[in-house]
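The values are calculated or read from the model by the stated rules, or taken from the named source; none is laboratory data. Just so we're clear, the structure is a prediction, and the values are computed from it rather than from any experiment. Cβ coordinates were reconstructed from backbone atoms using ideal geometry, including for glycine residues, and neighbour counts include every protein chain displayed. Just the protein is used for accessible areas: all its heavy atoms, side chains included, with ligands, DNA and RNA removed. Shrake-Rupley method; radii C 1.70, N 1.55, O 1.52, S 1.80 Å.
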Amino acid sequence: MNLTERFINYTKFDTQSAEDSQTVPSTPKQLIFAEYLKKELEDEDFEDVEMDEKGYIYATLPANTKKEIPTIGFISHYDTSPDASGADIKARIVSNYDGGDIELSPGIISSPKKFPELLNHVGEDLIVTDGTTLLGADDKAGIAEIIQAMCFLRDHDEIKHGDIRVAFNPDEEIGMGAHHFDVEKFGCQWAYTIDGGDLGDLEYENFNAAGAKVFIKGVSVHTGYAKGKMVNANRLACEFNNMIPETDIPETTEGYEGFYHLLGIESRTEEAKLSYIIRDHDRERFENRKQFIEDCAAAMNEKYGEGTVRVELRDQYFNMKEKIDPNMHVIDIVLQAMQESGVPPKVEPIRGGTDGAQLSFRGLPCPNIFAGGVNFHGPYEFVSIQVMQKAVDVIVKICELTAAYND
């Protein structure tokens, strides 16, 4: 199976995760794909293939040399974002993209006027959606690239490498992907998530991240007799959100600037719930942002009465940079691999996070490498076949360079 066939086949599985689920994985449909993936690894003659009850898959490409070489790993997640449907994905190839508009479906246009990133891929073959679902390159492109690279190494014994571990997990999109990852079982000295964006992306700085849920308790009274009695939770929800500075939201920030993002509101007169994510690269500013949410709740309670507003905060992951800095050889190898593969590196902070951030804090240094997808989490998502192949080339080269690391 070639790389394109492998990826398009993966997109046929609906693996959308769910934010409010209490199960692992968060949706049972993820396990359907996980079972398929496990069998594929077995059919490709990987060793030590196993899947635990939570859907975490581990496998090994064994060393083809007796030389002492560090065991390294490659990781991708198979869930897709809750932000857009992942069901009945209709992937198709736009061959030799000409730089113009792409009609995904009648009346649904992907245009470089709105998505200028398309112009970086003129002359390439793009895999797109029909404009009604996401594509799932985040991160099924990463899975396809890892497996394709391992199959290439398996079939080219002249490229010497040590033991290489691969792992695929659920629920990354809801910040839970690394929570049940068995670092000890994985047994690597370092690893890479293949979960980045466009060609050359290399990321080892990411947001500190938390989730916040704001619960508002209202009082429902017949509107004809509401004066002095009603507490309208709908209105209080709007008031709370208006306390968030407009300068500190995703729409107005970039680079190292943090933000509060309102994910959603569930509301009626008697009660309301607002869900936020909180992000900042700087740890101190991150802690201050969490405190600001608490302060907003305190101000609302002072105004409307104690217990009107309640906040639940949950840390999701932290900036991996402090764990990568003492292990910069992990980055040096990637930079050399990109150079030798003809890929110009783009080292930028992630305005988001990966499973590698959590894993780095659990003793597994784990920067993030491009998988090729663009416009994640929405119906205009696309991936270049040529960029996917470059990701395969870089993975292969990392394995080769690691074998020569101590020479």
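Structure summary
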{"item": "The range 1-129 shape via C-alpha gyration tensor axes, a/c threshold 1.5", "result": "oblate"}
{"item": "Global form of the range 220-277, assessed from the alpha-carbon gyration tensor, a/c cut-off 1.5", "result": "prolate"}
{"item": "Cα-based convex hull volume of the chain per residue, rounded to whole Å³", "result": "154 Å³"}
{"item": "Overall form of the range 46-100 per C-alpha gyration tensor (a/c, 1.5; a/b vs b/c)", "result": "oblate"}
{"item": "Antiparallel content of DSSP bridges confined to the range 58-193, in %, to 5", "result": "50 percent"}
{"item": "Distance between modelled label sites at Ser105 and Met230, nm, 7 Å Cα→Cβ extension", "result": "4.0 nm"}
{"item": "Mean-position separation - Cα centroids, the range 21-83 and the range 105-134, in angstrom", "result": "30 Å"}
{"item": "Degrees separating the helix 283-304 axis from the principal Cα axis of the chain, which is the longest one", "result": "20 degrees"}
{"item": "MRE, 222 nm, helices only [DSSP H, n ≥ 4, -39500 (n - 2.57), over the chain, to nearest 500]", "result": "-9000 deg cm²/dmol"}
{"item": "Lys pairs under 18 Å by Cα in the range 1-66, provided they are eight or more residues apart or on distinct chains", "result": "8"}
{"item": "Cα-centred dipole magnitude for the range 184-256, charges only on beta-carbon of K, R (+1) and D, E (-1), debye, nearest 20", "result": "1080 debye"}
{"item": "Per residue solvent-accessible surface (Å²) - the chain, probe of 1.4 Å", "result": "43 Å²"}
{"item": "Candidate lysines - alpha carbon under 17 Å from Lys346, same-chain residues fewer than 8 apart omitted", "result": "Lys321, Lys390"}
{"item": "Of all DSSP beta bridges in the chain, antiparallel share, percent nearest 5", "result": "75 percent"}
